[in-house]
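What follows is one structure encoded as structure tokens, with my remarks underneath.
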Amino acid sequence: MPRLVLAFLLLLLPSSVIAARPDPSGRGRYAVGRTRITFTKTSVTTGQPRPLETVIWYPAVPGTGTLERNINVLRDAAVLDRRWPLVLFSHGACAFPEQSPFFTEGLASWGFVVAAPPHPGSTIQDYPTCFSVPGFADSAPNRVADIRFVLDQMLALAKQPGSPFAGRIKRRRIGMSGHSFGGYTTLRVLPEDDRFRAGVALAPAVIASLGLGLTARVRQPTIVMVGEHDTETPLDPVGRGAFALLDGPRFLVELP
């Protein structure tokens with residue numbers, strides 16, 4: 001978690017904050033709120049309604065909301081009155097929006113709003129088809145559309161009077177991240193939407209044999225992270241292949 005949080009601290013926070021040398025080895029100074037908002041769009045492959053119950057973490061006003069049992073998160077707490085950078089997070093195949101609380105909650109504690117939609121057809125409820133090549137083929141284009149749609153909705157909420165996120169999002173400090181299939185999604189979204197200013201792709205599943213190849217170049221500052229002992233998305237050839245797609249400021253990190 002410290003390395004992941006540091007990645008977005010470096011990519012999205014102002015240089016004045018970085019100069020203060022934040023230590024991301026622990027939780028940040030902000031209380032963390034969590035809420036759920038359902039945004040409904042149309043599937044790009046079937047034309048059917050596609051409800052996205054999006055989980056949103058954010059810096060919260062202490063003492064508001066309801067403390068979640070067993071975790072230090074305030075459910076439906078008030079959003080702290082300030083504009084915050086926004087990160088969209090895409091979960092892996094057969095996973096769910098809350099799969100990486102160490103990352104999503106950690107970012108919120110350091111001063112980010114994090115929005116994580118589900119990707120219907122690619123969640124834990126969709127096992128085992130979510131791990132099939134046909135499942136990947138249906139999910140890949142929908143994932144990109146999911147992320148861009150949720151970004152549209154979050155920015156709309158930031159301008160909507162009475163919304164909990166009204167005046168709370170920095171429209172020019174938006175990042176994209178995801179794990180595995182979500183890492184692939186990250187590298188596919190960035191070339192298509194320049195509202196995203198930076199990206200962190202975690203173990204990105206850029207695997208052509210599964211129909212998940214990529215050719216579009218990424219111009220935004222981007223970090224690709226892989227694990228030394230990861231046999232599904234190893235450094236070679238997957239990590240280096242993803243890294244080769246990056247034309248902007250780029251970093252390749254292998255974690256032991």
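The values are calculated or read from the model by the stated rules, or taken from the named source; none is laboratory data. As the structure is a computational prediction, the values presented were derived from the model and not from experiment. Here Cβ is always computed from backbone atoms with ideal geometry, including for glycine, and neighbour counts include all displayed protein chains.
Given (1) of a type in the set (Val, Ile, Thr); (2) touching a helix residue (DSSP H, G or I) at 6+ places or on another chain (Cβ under 9 Å); (3) not in a strand (DSSP E or B), identify the lone condition not met by Val150.
Status for Val150: all satisfied but (2).
Taking Val206, is it in contact (Cβ under 8 Å) with a residue 24 or more places away in the chain, under 21 Å from Phe131 (Cβ atoms), part of a loop (DSSP other than H, G, I, E, B) and within 18 Å of the chain's Cα centre (by Cα)?
It is true that Val206 is in contact (Cβ under 8 Å) with a residue 24 or more places away in the chain, under 21 Å from Phe131 (Cβ atoms), part of a loop (DSSP other than H, G, I, E, B) and within 18 Å of the chain's Cα centre (by Cα).
Would you mind telling me which numbered condition in (1) closer than 17 Å to Val200 by Cα; (2) out of contact with any Ser or Thr (no Cβ under 9 Å at 6 or more places or on another chain) Val114 fails?
(2)
Which condition does Leu86 not pass, out of (1) part of a loop (DSSP other than H, G, I, E, B); (2) within 21 Å of Ala201 (Cα to Cα), if it passes all the others?
Of the numbered conditions (1) part of a loop (DSSP other than H, G, I, E, B); (2) within 21 Å of Ala201 (Cα to Cα), the odd one out for Leu86 is (1).
Here are the criteria: (1) at pLDDT 95 or above; (2) surrounded by fewer than 16 Cβ atoms within 10 Å (Cβ to Cβ); (3) more than 20 Å from Ala156 (Cβ to Cβ); (4) touching a Leu at 6+ places or on another chain (Cβ under 9 Å). Tell me which single one Ala60 does not satisfy.
(2)
Can you tell me which residues in region 127-138 are out of contact with any Asp or Glu (no Cβ under 9 Å at 6 or more places or on another chain), under 15 Å from Gly182 (Cβ atoms) and without any contact (Cβ under 8 Å) to a residue 60 or more places away in the chain?
Result: Cys130, Phe131.
Among the residues of region 109-147, write down those that are under 12 Å from Phe39 (Cα atoms) and part of a helix (DSSP H, G or I).
Across region 109-147, the qualifying residues are Asp146, Ile147.
Collect the residues in region 57-76 that are among the charged types (D, E, K, R) and touching a residue at least 24 places away in the same chain (Cβ under 8 Å), keeping them in residue-number order.
Glu68, Arg75, Asp76
Could you please give the count of residues in region 63-82 that are touching a Leu at 6+ places or on another chain (Cβ under 8 Å), at pLDDT 95 or above and assigned to a loop (DSSP other than H, G, I, E, B)?
3
Can you tell which of Arg143, Arg69 is of a type in the set (Lys, Arg) and crowded, with 24+ Cβ neighbours inside 10 Å?
Only one candidate passes the filter, namely Arg143.
Check region 164-183 and report whether any residue there is out of contact with any Cys (no Cβ under 9 Å at 6 or more places or on another chain), farther than 29 Å from Arg27 by Cβ and in a helix (DSSP H, G or I).
no
Here are Val200, Val253: which of them is closer than 19 Å to Phe103 by Cβ and modelled with pLDDT under 95?
Within the list Val200, Val253, the selection yields Val253.
Quickly run through region 176-224 and pick out the residues that are of a type in the set (Asp, Glu) and within 18 Å of Thr123 (Cβ to Cβ).
Passing the criteria: none in range.
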